[in-house]
Every structure is written in structure tokens, then in C-alpha cells.
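Input: a single structure, listed below in C-alpha cells.
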Amino acid sequence: MAQLRRLWSQEEGQDIAEYAVMLAVILVIVIGTVRLIGTNANTVFSNVASSIQ
């Protein structure tokens, strides 16, 4: 029982969970941005290639 209380009162696990959530949110934002920019960049390059030909 004392070990459970010690684990419950430690904040290290909470810090790790908070960092994991922040990392997940940042990754979702970065991946979404890269996909959006990638799609738009592909369209722009296709338009430039079409106008050059």
C-alpha cells in the first residue's frame, strides 16, 4: 500500500505523460502542415511545368 501511495504522489510520471501529449499534438500539426504544403507545392510545380511547355 505504501508503494502505491508513493507512485501516486510522484509527479515524474505526470511530466512524462504531459510531454508525450505535447509531442503528439506537435507531430499532428507538423504532419498536417507538411501534407498541406506538399499538396500545394505539387500543384504549383505542375502549373509551372505546364506553362513552360
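Considering each residue of the range 33-52 in turn, none proves to be outside any helix (DSSP H, G or I), at pLDDT below 80 and not acidic (Asp, Glu).
Taking the options ILE26, ILE16, name whichever one is modelled with pLDDT of 85 or more and part of a helix (DSSP H, G or I). When all the criteria are applied, what remains is ILE26.
The values are calculated or read from the model by the stated rules, or taken from the named source; none is laboratory data. Fair warning: this is a prediction, and the values are worked out from it, not measured in the lab.
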